[in-house]
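The values are calculated or read from the model by the stated rules, or taken from the named source; none is laboratory data. Not measured: the values here are computed from a predicted model. For neighbour counting, all protein chains shown are included, and Cβ atoms are generated from backbone atoms with ideal geometry for every residue, glycine included.
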Amino acid sequence: MDLSIFDNKYLVALASGVGGVALTLITQQVLNKRGLFTYFVRHSLVGASGDDAVFGSVRVTWNGNAVTNLYSSTAELINQSLKDYENIVVRAYTSDTVFLTDRTEIVGTTHIAKWTDEFLKQLEVAPGTKPSPRQIELHSHQRDYLLPTMNRGQSVRFHFLNAAQTQNRPSIWLDVLHKGVRLRFRVPQNEIMGVPQPRAALWGCVLGLLLFGLIIAFIQSVWLATLCALIYGFFAQVPGAWAVRSWRRLREWFGG
């Protein structure tokens, strides 16, 4: 191979300059990429009202009113981007269930997400009066929260005790309107080491292909090669999860 071109200092300088510009552009593109928040929602049935002509009736009530199906629902919001954000307003809303109570947690901290001042003002009831139908409707189907800080990789959980208005599971959604941020819903998945199992399995298969190549190249015994491949197949999700976690750490380090 002819390496004489590396002796030309002008070509080396030009290549270095082009490479530096390309690296700078790539770095800026990564760091300036639009922020991504994702969320998923899990539902657990807490209780249900029912009637039985022989064995009697079961009633779940709220403020003396019967509730057909009572659910505990958790919506988890995650900052998947390489940026930290401030003063994020998160709206939780529904059209087929009634919010009864709610609580929040900013995962990994002792802090909680509080209602926005505007939302509190809309629900304010003067002493000696009752909430208006509009206030009852708002409290039953919407919550607005303020997150003072949403760091990269940060998770926030919103827990709702709610009464479904149909026989189906409730539908609860989140909404975020913030400059440079887009929100994406994803179906909740089982996780291994904090990584969704489908993603861990995919990367486990990719690493498995590399491993199988090494097995074919260096292990002559058929039964030993088969045994190694079988053992890896049982635990393929684990190295896949390690690979995803390693990539996340590298991305966080690269993003500062």
Does residue 107 meet the test of being assigned by TED's automatic domain parsing to the domain that holds residue 68 and either among the acidic types (Asp, Glu) or surrounded by 15 or more Cβ atoms within 10 Å (Cβ to Cβ) (or both)?
-> no
Please verify whether region 168-183 includes one or more residues that are among the small types (Gly, Ala, Ser), closer than 21 Å to residue 81 by Cβ and modelled with pLDDT under 70.
-> no
Qualifying positions in region 152-176 - hydrophobic (A, V, I, L, M, F, W, C) and crowded, with 16+ Cβ neighbours inside 10 Å | 156, 158, 160, 161, 163, 164, 172, 174, 176
Please enumerate the residues belonging to region 100-127 that are modelled with pLDDT under 95 and under 16 Å from residue 162 (Cβ atoms).
-> 100, 101
Where a residue in region 60-84 is within 12 Å of residue 47 (Cα to Cα) and its partner, wherever it lies, is of a type in the set (S, T, N, Q) and buried (at least 21 other Cβ atoms within 10 Å of the Cβ), with Cβ under 6 Å and at least six apart | 71/162
